[in-house]
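Visitor: My structure is below; once you've seen it, I'll send some questions.
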C-alpha cells in the first residue's frame, strides 16, 4: 500500500522500495515520544504563522485560513516518526503521505527557524540509539566521494532535464527582477555564470580549471571566451552529457572533461572556478579543498566559487547530526559557514577574499521555478521510473531548500579569492 501526492491511498507498491518510509516506529517508547512530539508541534503552531489541520477538521495555530496549512492525514504515524527520528522522521512522514500542504514552501519557511527543535533536548534520551553517529558513507574518501556523488547526480540525466532549463544548470541563477518567470531562468543562469567568469578574469587564452562540471554550461561559456578549460567531475552521467553538449557547441578542442576527484588534479591555472561543489566536500575535507584551490591557482590568478552557507552556530551543530537531506538527497554533504571558510583560507592558505555577492533570494526564486516545473512534469517523471515516494521526496527537498533561502537560514555567495592580501569588497 502507498499514499499518493494528496495523501490518498493507492494500490501500487512504491513503499516496498523504501523500507525506512514504510516502517512506522512501534512500541511504548515510540508512543511516549510521539506524545511529546505532538505537544511540541502544537505549541510551535500556536506561535508561528501556520496552521495544523487534523483529519477530523480540528485546526491548531493561526486563525487566518490563508496561512500555510499542514494537513495531517495520519497523526499517530507522523508523531511517532518525529518522536523517534526528529527531522528525518518528519521528512519520511511526508514521503509516506502522512501529511501534506497546498503551500509546502510557505509552510516550511514558517517552520524554518523552529523546525530543528521539533525534538526537544529533554526527549533525546528517549530516542534509543537514534542515529547518534554518521554512517561510514558520510566520509568522503576518494572512493566514497564517487559513490556519494553518483547517488544524486547519476540518477538520470533525463530526470534533471525535466525540471532544469535548457542550460541544464543546477545552481542559483542571477535574475534582474524579484519574481522571475520560467522564461527568464535561462538568461538568469547565463548572467550568473558570466559574472563568475568575470570575477575569475576569464578571457582569451585563460587556463581555467572547473571543479564540478555539472552538465557543461560553464565550460561552454568559458571556452566561448577563448579560454582553455579543464573540467572535472565525479558523475559519469554528467560527464557523458557535458561532453556531448560541448561537442555540439563546436568547442571540444578547447574543453577537456575528466572523471577525476579534485584531490587528484595537478597543474597551474589562471582561474579556478567551482559552482556549489563545496557543499559535497564534507566537513573534515574543507581544509583539503581550499589547500587544493591554493595549490592550483597561479600567482596573480583568481579563484571564484559559488557556495551555499548557513549560520556558523547551526553549522557547528549540524556537522555531527545525521539529517534527512544527507540520508535521502546528498550523502556526505555539509553546508559550510562564512566563518568556517574565512577561517580556513586565512589560517591555512594564501587565498584572501576579494569579492562576495549574495544570491540568497535569487536562489529561492530558482528553486521555486524548479519545483513548479517538477510538479508539472510528474507524469513524465513517473514514466522514467521514479515512483510516488521519490517524487514526494524530491518535492520536499526542493521546497525545504527554497524555505531555507527565503527564511535566511541559508545563503549563497559568489565568492572570489586571490593569493594576495587585497582588501575585500563585500556587497
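Visitor: When a footprinting reagent is the concern and you count Cβ atoms within 10 Å, what order do 317, 327, 192 take, fewest first?
Guide: Details: 317 12, 327 19, 192 26.
So the residues, fewest neighbours to most, are 317, 327, 192.
Visitor: Quick one: work out the % antiparallel among DSSP beta bridges in the chain, nearest 5.
Guide: Values: 20 of 43 bridges.
That works out to approximately 45 percent antiparallel.
Visitor: How much length would be gained if the chain were fully extended between residue 314 and residue 378, taking 0.36 nm per residue of separation minus their Cα-Cα distance, in nm to one decimal?
Guide: 19.7 nm
Visitor: Sorting 14, 198 on the 10 Å Cβ count, fewest up front, what's the list?
Guide: So the residues, fewest neighbours to most, are 198, 14.
Visitor: Between residue 64 and residue 23, what is the label-point separation in nm under the 7 Å Cα-to-beta-carbon projection?
Guide: 4.3
Visitor: Quick one: what do you get for the chain if you divide its Cα Rg by 2.2 N^0.38 Å? Don't skip to the answer; put the middle values down first.
Guide: Details: Rg = 22.2 Å, N = 427, 2.2 N^0.38 = 22.0 Å.
Here the Cα radius of gyration is 1.01 times the empirical estimate.
Visitor: What list do you get for 268, 219 if you sort them by fewest beta carbons within 10 Å? Intermediate values should be presented prior to the final figure.
Guide: Numbers: 268 13, 219 28.
By the 10 Å Cβ count, ascending, the order reads 268, 219.
Here, each number is a calculation from the coordinates, and none is a lab measurement. Just so we're clear, the structure is a prediction, and the values are computed from it rather than from any experiment. Backbone-built Cβ (ideal geometry, glycine too); neighbour counts: all protein chains shown.
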